[in-house]
Amino acid sequence: MKVPSSELRIQICKCIVDFYHAEPPKKHITGYQQASSSYKIQMAEVGGLAKTMVQSLALLDNQLVEKLWVLKALQHLSTSEANCTLMMQAQAASSICAHLNDPDPSGQLLFRSSEILWNLLEKSSKEEIIQQLSNLECLLALKEIFKNLFMRGFRHYDRQLRNDILVITTIIAQNPEAPMIECGFTRDLILFATFNEVKSQNPLVKGLKLSNSYEDFELKKLLFNIIVILCKDLPTVQLLIDGKVVLALFTYVKKPEKHKIIEWSAAQYEELQLHAIATLSSVAPLLIEEYMLCQGNARILAFLEWCESEDSFFSHGNSFHGTGGRGNKFAHMRYTLRLLRAMVYLQDETVNNDLCEKGTIQQLIGIFKNTISKSNDKEEAIVLEIQSDILLILSGLCEHNIPRKEIFGTEGVDVILHVLKTDPKKFQSGLGYIVLLFSTLDSIWCCILGCYPSEDYFLEKEGIFLLLDLLALNQKKFCNLILGIMVEFCDNPKTTVHVNSWRGKKDQTAASLLIKLWRKEEKELGVKRDKHGKIIDTKKPLFTSFQEEQNIMPLPADCPTVAVMDVAENIRAKIYAVLGKLDFENLPGLSAEDFVTLCIIHRYLDFKIGEIWNEIYEEIKLEKLRPVTTDKNILEAITTASENIGKMVASLQSEMIESQARQDVQNEQRVYAKIQATHKQRDLANKSWENFLARTSNAKTLKKAKRLQEKAIESSRYNERPPNAIFHQTEIKGLNTTVPSGRVVTLESTPARLVGGPLADTDIALKKLPIRGGALQRVKTVKIVDEPKKNVLT
């Protein structure tokens, strides 16, 4: 390529191109075999051919034909990742991009160069290519090419190439170091993005108009997209103000006007409308003054009112932004709420006061209620997102503002209660229920807590019960937040009764649930406890495995130590606070294991204070400082007192464990005594039955039993009878029975269930009850004590 021969250079390039478009040989040469195309391409990669061809571009500045052939060869070579890496190393991106604007009547230079740049971005290090293109020379070339194509391109090919150049520019603009402002490209892009909506006298756009062709439609979306990227660079803000970007974007935040001729089709306008609102979410928070001058709040609320209305409107839902909004206005509502959320979370009082004065809180609550009634399974995901955004906006408006919390009122509390009653199984569905739950918990914190009427209404509607039901699910991701809400709610004196009244599965109480969560948390943190939950190390009763691994090191006074950070990083402090407000002494429904754990929880603050003092003492030792005698004595006294508390708690736990063991033994003995009594009663019943069977089977046994019965009756009577008393005979002489008998006696033979009978196989038999109860049964054999006499009276 260094040989100054145009024919030679072109022939080399043709040979490289033929690697990718090989034709079968016209004639076969004896003794030789043609190399395959894949082999040639592989050898080109191994030999670094692509790098050499990039370097040869510097030799062809004023030789257009040869340069075009080299670019054609590079275009083919750039289809391989290995070649793209070699080209990147040779700085191909910057050398090619810098000459994009070179004169070329054929147009091939721009086409092939853009194709090579695309391949480099896709098949080599994207970050490195962006870095190579982020210089003034390259951006000026891109700017001039884009302006020329934008203003003078009329062919389909020109429009496609224009859009490709804009995409490459968008990728470069992601690099904050790219001199987009310095080269004037940013100002021109903002002008091109807004000239349709905001009239401009700039000669660049005078008489310029976009058609509704697909390429121009894509251009409009790409311009919106690059504005979002450019606004991340704060110096761009002034250019956005000068270009009236907020005003231009707000022209889309309105309901579609019927019978109005517009340059876009209905589907195109809908997609641009959604894209403009999404762009506003990024731009408007940077331009608050322009937002207020455009009456942004009023426009958004009016548009939300249209989104909620029953106006006939068919949404196409074709675009990325229109997902889930086909045939409805949910997509419009979703992006409008995102814009409103972005403005509210700036915490700008001017914006938020204006919103509240316009009745935003009541309007959002009404929208939430309507989404509940309108939603269906197909739109569930987008509806959940809308509901989450509404609750987040309400939280941002009401936080730290009691009058706004009062406006939120009972209607808002009802909305929150509706979400809390959601089936817990749905939290695992992945459709956004977890996000909605977090938004709801945040709104409880920001919209209810601190406003006593709302707190009382929440308690009255069993809101605390719903929170405890969620806590009982034992989901770590929201336990911390729920416990924080519980701590704040317990400041209300009415809360304690509700918490103590709650019952979970297996009649579990709130106190038992909280202690169970404490044990689970300590197990996960690796706190040392024995099998009964008793303290092992009285010097460090709360130490986690992480604290054990971390060596104590001196820190500045404004840096929290590991012991202090531990308070915020787990739920133990919140559980201690809740149980403390419930009163440690009167907690219902606790087991012995719970009481053992409760001893530790009760002394959590004392243990934590001792832990921090111990850290202070250790830091003093590490810094080789010697405290004065008084301070040293005080430090030692504090650490000793903390250890004594640990020993006292451990001793109390031991007593509880021993007491429970004794109680368990007593309970076991009672159970055994009950079992013995049951067996004894069963033996007596069996013996009674055997006696009964013997009496009915053997006449001698029956007579003997009769004599014993008569003797017992006679011995129970008074020996001395009162004078003039009339004696009534209560017995019938001659009866061989051992049961009390009257003047009328019912005769029965041996029970039919033992010997069967003529009616044993009939339905009538089922209506008669045997002597000992139950249905009649037929038995195959009966054990008889002695030969029975028929029709023996019993």
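The values are calculated or read from the model by the stated rules, or taken from the named source; none is laboratory data. As the structure is a prediction and not an experimental result, all values here were calculated from the model. We place every Cβ from the backbone using ideal geometry, glycine too, and count neighbours over all the protein chains shown. What goes into the accessible areas is simple: the full protein's heavy atoms, side chains included, and nothing from ligands, DNA or RNA. Shrake-Rupley method; radii C 1.70, N 1.55, O 1.52, S 1.80 Å.
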Item checked: Residues of the range 62-75 that turn out to be open to solvent by 20 Å² or more (accessible area, probe 1.4 Å) and in contact (Cβ under 8 Å) with a residue 12 or more places away in the chain, as a count -> 7
Item checked: Residues satisfying the stated conditions in the range 215-264, i.e. without any contact (Cβ under 8 Å) to a residue 60 or more places away in the chain, among the aliphatic types (A, V, I, L, M) and not in a helix (DSSP H, G or I) -> I261, I262
Next item on the list: With the checklist (1) among the β-branched types (V, I, T); (2) assigned to a helix (DSSP H, G or I); (3) out of contact with any Leu (no Cβ under 8 Å at 6 or more places or on another chain) in hand, flag the one item I29 doesn't pass.
Entry: (2)
Margin query: So, in the range 226-249, exactly how many residues are open to solvent by 60 Å² or more (accessible area, probe 1.4 Å) and polar (S, T, N, Q)?
Written below: 1
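Table: residues versus (1) touching a helix residue (DSSP H, G or I) at 6+ places or on another chain (Cβ under 8 Å); (2) assigned to a helix (DSSP H, G or I); (3) within 29 Å of E271 (Cα to Cα).
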residue: M343; (1), (2), (3): yes, yes, yes
residue: E380; (1), (2), (3): no, yes, yes
residue: I393; (1), (2), (3): yes, yes, yes
residue: F438; (1), (2), (3): yes, yes, no
Notebook entry, point to check: Out of curiosity, is A278 within 33 Å of the chain's Cα centre (by Cα), over 26 Å from F217 (Cα atoms) and hydrophobic (A, V, I, L, M, F, W, C)?
Noted result: no
Note to self: Pull out all pairs, ordered by first then second residue, where Cβ-Cβ is under 6 Å, the residues are six or more apart or on different chains, the first lies in the range 525-542 and is within 19 Å of M656 (Cα to Cα), and the second is in a strand (DSSP E or B).
What the structure shows: P541/I535
Next item on the list: Please indicate, with yes or no, whether at least one residue in the range 351-370 is of a type outside the set (G, A, S), in contact with a His (Cβ under 9 Å, 6 or more places away or on another chain) and either within 21 Å of F438 (Cα to Cα) or in a loop (DSSP other than H, G, I, E, B) (or both).
Entry: yes
Next item on the list: Working carefully through the options I116, I145, I181, find the one that is open to solvent by less than 20 Å² (accessible area, probe 1.4 Å), over 15 Å from S94 (Cα atoms) and either among the aliphatic types (A, V, I, L, M) or in contact with a Pro (Cβ under 9 Å, 6 or more places away or on another chain) (or both).
Entry: I145
Note to self: Looking for something without any contact (Cβ under 8 Å) to a residue 60 or more places away in the chain and in contact with a Lys or Arg (Cβ under 7 Å, 6 or more places away or on another chain) - is there at least one such residue anywhere in the range 368-382?
What the structure shows: yes
Check: When you look at K520, is it over 28 Å from K621 (Cβ atoms), in contact with a Cys (Cβ under 6 Å, 6 or more places away or on another chain) and either of a type in the set (D, E, K, R) or surrounded by 14 or more Cβ atoms within 10 Å (Cβ to Cβ) (or both), yes or no?
Finding: no
Checklist line | In the range 184-225, the residues that are among the β-branched types (V, I, T), at pLDDT 90 or above and surrounded by fewer than 19 Cβ atoms within 10 Å (Cβ to Cβ) | finding: none
Next item on the list: Filter the range 639-665 down to residues that are open to solvent by 60 Å² or more (accessible area, probe 1.4 Å) and among the β-branched types (V, I, T), then give me how many there are.
Entry: 2
Notebook entry, point to check: Tally time: how many residues in the range 472-496 are open to solvent by 20 Å² or more (accessible area, probe 1.4 Å) and not in a helix (DSSP H, G or I)?
Noted result: 6
Check: Looking at the range 357-383, which of its residues are under 23 Å from C398 (Cα atoms) and open to solvent by 10 Å² or more (accessible area, probe 1.4 Å)?
Finding: E357, K358, G359, Q362, Q363, G366, K369, N370, I372
Next item on the list: Restrict the check to the range 74-87 and report whether at least one residue is among the β-branched types (V, I, T) and in a loop (DSSP other than H, G, I, E, B).
Entry: yes
Next item on the list: May I ask you to list the residues in the range 523-548 that are under 26 Å from the mean Cα position of the chain (by Cα) and open to solvent by less than 50 Å² (accessible area, probe 1.4 Å)?
Entry: L525, G526
Checklist line | Neighbours by Cβ (under 6 Å, 6+ apart or cross-chain): first from the range 25-45, of a type in the set (A, V, I, L, M); second outside any loop (DSSP other than H, G, I, E, B) and modelled with pLDDT of 80 or more | finding: I41/F19
Next item on the list: Scan the range 286-303 residue by residue and report those that are open to solvent by 10 Å² or more (accessible area, probe 1.4 Å), aliphatic (A, V, I, L, M) and in contact with a helix residue (DSSP H, G or I) (Cβ under 6 Å, 6 or more places away or on another chain).
Entry: L286
Check: Does the range 618-638 include one or more residues that are open to solvent by less than 70 Å² (accessible area, probe 1.4 Å), part of a helix (DSSP H, G or I), in contact with a strand residue (DSSP E or B) (Cβ under 9 Å, 6 or more places away or on another chain) and modelled with pLDDT of 90 or more?
Finding: no
Note to self: Given (1) assigned to a helix (DSSP H, G or I); (2) open to solvent by 60 Å² or more (accessible area, probe 1.4 Å); (3) closer than 30 Å to K477 by Cβ, identify the lone condition not met by P560.
What the structure shows: (1)
Notebook entry, point to check: Name the residues in the range 538-577 that are of a type in the set (F, W, Y) and either more than 30 Å from T496 (Cα to Cα) or not assigned by the TED database to the domain that holds C599 (or both), would you?
Noted result: F543, F546
Next item on the list: Filter the range 178-188 down to the residues that are among the hydrophobic types (A, V, I, L, M, F, W, C) and in a loop (DSSP other than H, G, I, E, B), then identify the one that is farthest from K244 (Cα to Cα).
Entry: A178
Note to self: If the requirement is being assigned to a helix (DSSP H, G or I) and closer than 25 Å to G610 by Cβ, which of these qualifies: L514, L555?
What the structure shows: L514
Next item on the list: Looking only at the range 30-68, count how many residues are modelled with pLDDT under 85 and at positive phi.
Entry: 1
Checklist line | Single residue of L59, L109 found to be open to solvent by 60 Å² or more (accessible area, probe 1.4 Å), assigned by the TED database to the domain that holds E7 and hydrophobic (A, V, I, L, M, F, W, C) | finding: L59
Notebook entry, point to check: Of everything in the range 153-177 that's without any contact (Cβ under 8 Å) to a residue 12 or more places away in the chain and outside any helix (DSSP H, G or I), which residue is least open to solvent (accessible area, probe 1.4 Å)?
Noted result: G153
Checklist line | Hey, L86 touching a helix residue (DSSP H, G or I) at 6+ places or on another chain (Cβ under 6 Å), buried (at least 19 other Cβ atoms within 10 Å of the Cβ), at pLDDT 90 or above and more than 20 Å from A141 (Cα to Cα) or not | finding: yes
